[in-house]
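Inspection log for the structure reproduced underneath, given as structure tokens.
The values are calculated or read from the model by the stated rules, or taken from the named source; none is laboratory data. What you see is a predicted model; the values in this text were computed from it and never measured. We place every Cβ from the backbone using ideal geometry, glycine too, and count neighbours over all the protein chains shown. Surface accessibility is based on the protein's heavy atoms, side chains included, excluding ligands, DNA and RNA. Shrake-Rupley method; radii C 1.70, N 1.55, O 1.52, S 1.80 Å.
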Amino acid sequence: MALNRLQLSNFRNITFAELSLVQGVNLFCGPNGSGKTSLLEAVHMLSTGRSFRSRKHKAVIQEGALGLTVFGRLSGGDSLGVERLADGGGRIRINRAPASSSSQLASCLPLQVINSDSFSALDGGPGVRRRLLDWAVFHVEHSFAEAWKNYQIALSQRNALLRRGKIVPDLLSVWERRLAESGEHVDALRQRLFAGLNAALTALLKSLPDSPLSRIEMSYRRGWRKEVSLIQALEESRQGDLAQGNTRVGPHRADLRFSASGEAAYQILSRGQQKMLVCALRTAMAELVCRHREKPVFLVDDLPSELDELNQLQFARWVSRCASQVLVTGIEVEATSRPWLALSPPWNSPKVFHVEHGHISAESSAAT
């Protein structure tokens, strides 16, 4: 599902912008600090209800403004709207009707983001990688959202009992059974998705020239020992959990690992190879999703950074197979457009926007 129209106001240094986007490639070029990344950030808020750079909405609202708005119209006709106020309030709307949660936005407009923070998939904490995996599971497995919600409720209740410092066995066992039931379901969905994700990622990496990158392996750790059920793991961990005041086993402790010959990927890959691995992972996730639903939109911040021309072209080829649309930022039009111009229509006719001091203006196609 592509984004045909985007309108935003009071979003960081962008006072107002109204843009008509094309299916295929949209390039946003201009000097550093001009507002290019803020534009991608606004699209991310339209899909998730939040920024990818700050958890605090107030930090994203233009200084002196009472709030921000982002509105978008999709190629299928649906409209999405997000309003965030400086006092903490706000609204989310789908087709002008109130939405109950931001997950409804995500379902309408699936996004993949590649930016400087994407490296945390390799050298960050397990939570970053869990969220990556769960993005794909959410869009492929329809029962995942409800199972994960039920798991979170049971986990919160068990942790509350643990923090009391005194276990009430009957009450604790009720929440442990619920935790185990929903947790086993979450894990089963993740494992099923992981099998396909691993195969897709391996195929992409094998298409690259031989290097440590082409030999990277991905593994999934579910958050408790393989040889026991979750209910057994919870019972075994109970005394230690009581001492710590939280639940130390379960799907909320799951992780993805990337390695080659026993070494962590981020320790043996160059910065450019790491970025290419992240690009391959994001592409593999998109490939799985587009087999089951609409193709996602890719937001790519400064693609030329740390990728040579051959790898930029390879990534562009990958994306053209599994994305409905790409929004790409860069400093120079020529360098940013080069990998896309080598592809077939509609990817070889990027629409170019010039961004400077928060002002965005459409220019002619990069192909002309």
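For segment 269-277, the criterion of being in contact (Cβ under 8 Å) with a residue 12 or more places away in the chain and outside any helix (DSSP H, G or I) is met by at least one residue. Do you know which residues across segment 164-192 are among the charged types (D, E, K, R) and modelled with pLDDT under 95? Residues satisfying the conditions are Arg164, Lys166, Asp170. Look through segment 56-87, keep the residues that are within 24 Å of the chain's Cα centre (by Cα) and surrounded by fewer than 13 Cβ atoms within 10 Å (Cβ to Cβ), and return whichever of them is farthest from Leu109 (Cα to Cα). Among those residues, the one meeting the criterion is Ala59. Somewhere in segment 147-163, is a residue open to solvent by 40 Å² or more (accessible area, probe 1.4 Å) and outside any helix (DSSP H, G or I)? The answer is no, given that none of the residues of segment 147-163 is open to solvent by 40 Å² or more (accessible area, probe 1.4 Å) and outside any helix (DSSP H, G or I). For segment 212-227, what are the residues that are of a type in the set (Gly, Ala, Ser) and either surrounded by 19 or more Cβ atoms within 10 Å (Cβ to Cβ) or touching a His at 6+ places or on another chain (Cβ under 9 Å) (or both)? Hit for segment 212-227 is Gly223, nothing else.
Among the residues of segment 228-276, the ones that are on the phi > 0 side of the Ramachandran plot and either open to solvent by less than 40 Å² (accessible area, probe 1.4 Å) or among the aromatic types (Phe, Trp, Tyr) (or both) come to 2 in all.
Considered as a group, the residues in segment 91-146 that are in a helix (DSSP H, G or I) and among the acidic types (Asp, Glu) include one that is nearest to the chain's Cα centre (by Cα), and that residue is Asp134.
The condition of being in contact with a Lys or Arg (Cβ under 7 Å, 6 or more places away or on another chain) and more than 23 Å from Ala136 (Cα to Cα) does not hold for Asp255. Among the residues of segment 22-75, the ones that are over 30 Å from Ala342 (Cβ atoms), hydroxyl-bearing (Ser, Thr, Tyr) and not in a loop (DSSP other than H, G, I, E, B) come to 2 in all.
Taken over segment 291-312, the residue count meeting the criterion of being over 15 Å from the mean Cα position of the chain (by Cα) and hydrophobic (A, V, I, L, M, F, W, C) is 3.
The listed residues are Arg282, Arg293, and the only one of them that is in contact with a helix residue (DSSP H, G or I) (Cβ under 8 Å, 6 or more places away or on another chain), closer than 27 Å to Leu189 by Cβ and assigned to a loop (DSSP other than H, G, I, E, B) turns out to be Arg293.
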